[in-house]
1. Enumerate the amide H contacts of residue B:707 below 5 Å, restricted to partners 5 or more residues apart or on another chain; note that Pro and chain-start residues carry no placed amide H.
2. Taking the number of other C-beta atoms within 10 Å as the exposure measure, put A:231, A:71 in order starting with the fewest.
3. Is the C-alpha gyration tensor of region B:16-80 telling us rounded, prolate or oblate? Criteria: a/c under 1.5 is rounded; beyond that, a/b larger than b/c is prolate, otherwise oblate.
4. Taking other Cβ within 10 Å of each residue's Cβ, how do A:241, A:584 sort, fewest first?
5. Cβ under 12 Å from residue B:566's Cβ, residue B:566 left aside: what net charge do those residues give with Lys, Arg +1 and Asp, Glu -1?
6. Count the net charge of all other residues whose Cβ sits under 15 Å from the Cβ of residue A:404, scoring Lys and Arg as +1 and Asp and Glu as -1.
7. Neighbouring Cβ atoms within 10 Å as the yardstick, rank B:131, B:472, A:191 fewest first.
8. Taking a threshold of 24 Å on the Cα-Cα distance, which of the pairs B:421/B:468; A:32/A:266; B:155/B:421; B:25/B:451; B:25/B:320 fall above it?
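None of the figures in this text is laboratory data; all of them are computed from the coordinates on show. Source: prediction; values computed, not measured. Neighbour counts are summed over all protein chains in view; Cβ atoms, including those assigned to glycine, are modelled from backbone coordinates with ideal geometry.
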Amino acid sequence: RSHETPLGSSTPHASCLDLWRQRNDQLVRQAKVAQGLSLRRQQLAQDALEGFRELLHCLQGLPAAVPVLPLELTVICNFITLRASLAQGFTEDQAQGIQQGLERVLETQEQLEPRLECGLSALWDSVLHSSSLLPELLPALHHLALQALLFSGDDHLDLTFLSGASEDLLLLLKTWNLPAEESDAPLTIQDARGLRDVLLTASAYRQGLQELITGRLSRALSSLHEAASGLCPQPVLVQVYTALGTCLSKMGNPQRALLYLLSALKGGSTWGPALLEASRLYRQLGNTAAELESLELLVEALSITHGSEAPQLLIEVELLLPRPEPASPLYCGTQSQAKYLLASRCLQTGRAEDAAEHYLDLLALLLDGSEPKISPPPCPTGPCMPEVFLEAAAALIRAGRAQDALTVCEELLSRMSSLLPKMPQPWGNARKGTKESPHCPPWVSATHLLRGQAWVQLGAQKEAISEFSRCLELLFRATPTDKEQGPASNCEQGCTSDVALQQLRAAALISRGLGWVTSGQDTKALQDFLLSVQMCPGNQDASFHLLQTLRRLDRRDEAIAFWRRLEAQTKLPQENATWSLPLYLETCLSWIRPHDRETLLEEFQTSLLEPCDL
Amino acid sequence: MAGLAPQVDYLAGFCCPLGGLAAGKPRVLCLGAEIFLSTGSELVYVYDQEAGLLTAVYRFPGQVWHLELLALRRALYVLCAHRGIYCLSLDQAIRSVSQDDGDDGDSEDSQDGESPSRVIPVDPDACVLHDATLCTFTVLDNLLITLAQGPARWKVQLFECPCPGEDPRLKGQIGEVELSTPPAGSPREPAAPYFLPVLCCMSPPGSRVAHSHLHGSRGFTLEETLFGLLFGTDASLLESPVILCGLPDGQLCCVVLQTLVTSGLAPGDSKALVKILHHLEEPIVFIGALRTEPLAEDVEDSHSDCLVALGHHGRTLAVKASWDEAGNLVPELREYCLPGPVLCAACGGGGRMYHSTPSDLCVVDLARGGTPWDPMQPDRGPGGLPSLLCPASLSVCSVVTLSVSSRAPEGGTELLALSAKGRLMTCRLDLNSETPSPTRVTAANTGRKIKELLSGIGTVSERVSFLKKAVDQRNKALTCLNEAMNVSCALLSSREGPRPISCTTTTTWSRLQLQDMLTATCLLENSSDFSLDRGWALCIQVLTSSQALELDSASSAVTYTIPVDRLGPGSRREVTLPLGPGEDGMLDLPVTVSCALFYSLREVVGGALTPSDCSKDPSLDMCPLDVLPEQEGICLPLSEHTVDMLQCLRFPSLATPHMQAPSLLSPVSDPVDTFLGACLGPGSKLAGPASLRATYLPPSVAAIKVSAELLRATVGDSYSGVSLCCATLQWLLAENAAVDIVRARALSSVQGVAPDGTDVHLIIREVAVTDLCPAGPLQAVEIQVESSSLANMCQAHHAIIGRMQRMVVEQAARGSSPPDLRMQYLHQIQANHEMLLREVQTLRDRLCTEDEGHSCATAEKLLQLYRQLRSPSLLLL
């Protein structure tokens, strides 16, 4: 008490400043206690935020004064830190808070008027120039400048004057020489040095990711290394390692990539992106077993929902990272998307039993209502739902479970029955008699095709042929002129691509033809094969079947003529590879393909041509 | 219509703010006999319909914007503005109230709404979701769907509700997508929005959610066909519910719920997930679904086959599925216009939709008039929507929230409604419209009948008072308009002669706050037979000469608007306003003061066009006023007055001794300067630049010569008895306050002080002009202006010239003939002047293009030229 200042006039001012300072320090301690997820603590943090806001109002209610400014700027920093970490994001009003702080600094320098129209960078420029006269402001100002960088992304704010001429944000951050904070400075929730390190890591990682996406791989590699070597929390480190793996595999270093992916997997609890990347890598290497195994693990990893961890009340690296978009290498999708990927890869690689199981799992995941949890469909990145059903049916047929395939087809048709066009139209037909038939989605025809195939497998030729006929009937209906009608989902447009439709027709015709062949009706079979050759001249399967039937019917001349044409065609380069057909159709086409084309051709040569030469 | 007369029962009254409840935020829900109600304040009431009493009142920390019931879990979710969502367990709620019941016995007193002892503050721990930006939400089975106002866009978020018995806090977000449109208004100010967005869940029939959510307040089950058509194949294959969002900008968009679930916190791609169904172009206030087709006999539960969305102004969208001629499924989409503004709406059974406007509660029938579909009538396929909707009135006004009660009587509908006056009522509609036979009247029957009649009277009286108020307002507006019309006619028809309403402006110097101010006094005098009433305002525009030179003078002029509050015939009103000098001490002369009368249509007619109290619906403030013309009023110019240097001159040297002291102060002198000046004592002048200039530079001089004859004719008889010079000076200073002294002392030269404090010397003497007239020397009067400040000299010169111009014009009108002149000399002068003017023009042009350094020299040259222009002093004959 004795040292209470003799200068009576300054006592209230000093004590007021002290009070404010104590309030700030108390709020900082409160915010630090409030770290955690419980509601009470969240409330505590919220209260601290309100406290900072009030304190700021108090401080800014008075004219700006140099002795108070360090505290005021510190309170702004604390407010922004807490606000951003509570809201998990940055908003416009925080940026305005910074600007207001700067204007207050200029107010003391009486330089405010001409600066108002200039941009934020100019404002910073003049503030830092004028604050060189006020060294006590520098620590808080640098802290604020770091926070300003958070809002600007990296393009708006030009702070190059802080560190010399460097344009590069990374270099700027690295060389940023923070003024030493005094020991008696007011408390901060997060100190400037920590914030700089966070910013450095985050921007290195972001830059690396961006370069990885745009394809500048070597630069991406160095940026990512930079991020990994910095102060990096574990979950972020996992992401960085995954990105490094992706980058290296793109650069053609699969072994090193695998090493990074492995360390990513060891590192943390988010395995998804790393597993997906590993499966891509194994696929690239041709190691199907490992690929499928990683996909299986991926499905499992995605089924674990780990609760979000308690966010720290600091600005952390995670807060500054962009959310993964589908284009990002770190996007691993959802569980059902992974499951679909696994199932379709199994089907493509010929593991029909596994594929069938995975498809059934996927359908259960999507449609089973007993579980309270709902799971999103593979859309929009994957195929649409009808295609998933069709692929499931194809996989089941391939796995020899024709009866199950029929059930899946049945399910699909029943679920969609209300959306199908009405065939009998009491009011339409009565009036106009014959008229164009309603448009039917192509996947309905495809369902009938697969049902037919299932019947074939079950040995019921009659049912099979009637299904194929139904399929053809739907396919040869008039195609719709207006594709805009109704809210057609994007997959329906995909299916209606001309090539796919053509191949679907050919497949149906060949299938029916084969059915006729099996039941001994070769002439009917011939008709279908001929039609399919006309329909789809590029499809050589139809030609082979036609040739065989002709030979069986002993129509030698036609056979020879046709064989010559076919031979000429086989010499041309094959175009089939460029088509991208739906997976179920591809699978279906593989069943009706004649097995050994080369030997067949040779056989023809001997059996057809030799007698001719005689 | 007789069959639609509802039977209205008042249940309870609740506190409501002055002016009634605003639509949009109050909610009423019912679960069994319990009614949950919020009026838009912080309170949520629970009312027991069977016991007829209020069982609980909860106080939330902010305004309650939305309520939802999760019947299966016995939970009430409450959205508290700028806070988040709170969850109350209903069982717990009842328990806490029954404990309460022991303490206070005033449970019957439900009319009071809230007796303070019953209000239970809600525990902050009940908050399950903290989010200040939430605007609305809905619950669906175990999911909570929220719509928040993001910084840039609307954001739909999906949360999983905890099972009963678990921690009531939400488990965390499981999906999120941003809608494509930004919310209106600035994101910086997420203040209470005028219109909240609307959410609605639509489930396909197969969905497990549909089964467990049969009597949800906001959820509907749509027929497969319509569902598939609207939301696509995938949604119907997955049997996933769909969230419909109706936004305040009129957009109606949908999100398939199952696609919304994303891993982690990655937001979904809004382009792929959000589909815009329609744009209503006005705020959407309601989304619902209806069953319009008659049910087949064997179908147990009915699914809705028609989606409806209502806009605030009554635009209504209805969508049904139908088949086109080729048999393809197509959506049939129709827009109707219902009377607006719509406060709230609800969907009832039998294809009926109820919607409330401030003046009525209406019902529309979307079913096809009740006639069963006839397969033999090919023109109307199944699912035809009526081409026109005819709203039928239910004669209940100002219902701010509606809900269809689950306790519907047989064959009818019961609506729960909250009126703007805070009254909770049930409206029972017997849609079979069979009037029960009044034969057997039992005692109980009579009692009920009387009660019905009483409630009927109550409804009617509320409606009557509302309508009466509207009529009164309109009458008043018409009267005002009529009077305004009379005034305008009187003013506009009397172009000649004295106007019935006039405004005269005079200027005086007065001292305001240590500074001398030139003030203008406008005197508005009403000598007409009409009174200027509410809505009239006197507009005074002050335009300084420098502002007049700028192109957008209108914007830089200062306009004062003073409401004229009842100015009866014969009365007058005086308005005084400061003209300057401004802070810089400069007064840009001349200043033009124009007065006009303005009649605001908005003020008078606006009230009558908005039905009832505006507070009920903020948007009404603007919408109906769109019919008013652009300028929003009538403007009648009254007068224009120019204040020039001659009016502003002060003559301290002439002042009587006792008045002298204060006016000696420089008009704009800094008090400090004054003080210093006083300290230094007389004689020691401050060496300011102005005084330096005054001391060392010769004063600027300009002179004008006017023929004595002309002046005499103008001055006329009024100045008889004094010399022509004195008369001329008096004439020049006629509008100056000092004219009396000038007249009294018969001065012919005078030393004045300009507004900025420099001297201005006016000297008038008689001269003879010799070389102009062949008939000999011509008698003339020379008016000489002298001032140390060039600007002041110019302004005074300009003022004198202005007077001369007016004089010459007047004299020319009288037709006096000029004397014989020596034309050659005049020509010479004119040629001289023209050449100088050309030079001035080129110099001024150059001044515009030159840089600073040169322009100084140019300006100097220009000033010289101006001096030359003035020097062979102007001669007026």
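1. Here B:781, B:876, B:877 satisfy the definition.
2. Exposure proxy ranking, most exposed first: A:231, A:71.
3. oblate
4. Ordered by Cβ neighbours within 10 Å, fewest first: A:241, A:584.
5. After counting each charged neighbour, the total is -1.
6. So the environment of residue A:404 carries a net charge of -4.
7. B:472, A:191, B:131
8. A:32/A:266; B:155/B:421; B:25/B:451; B:25/B:320
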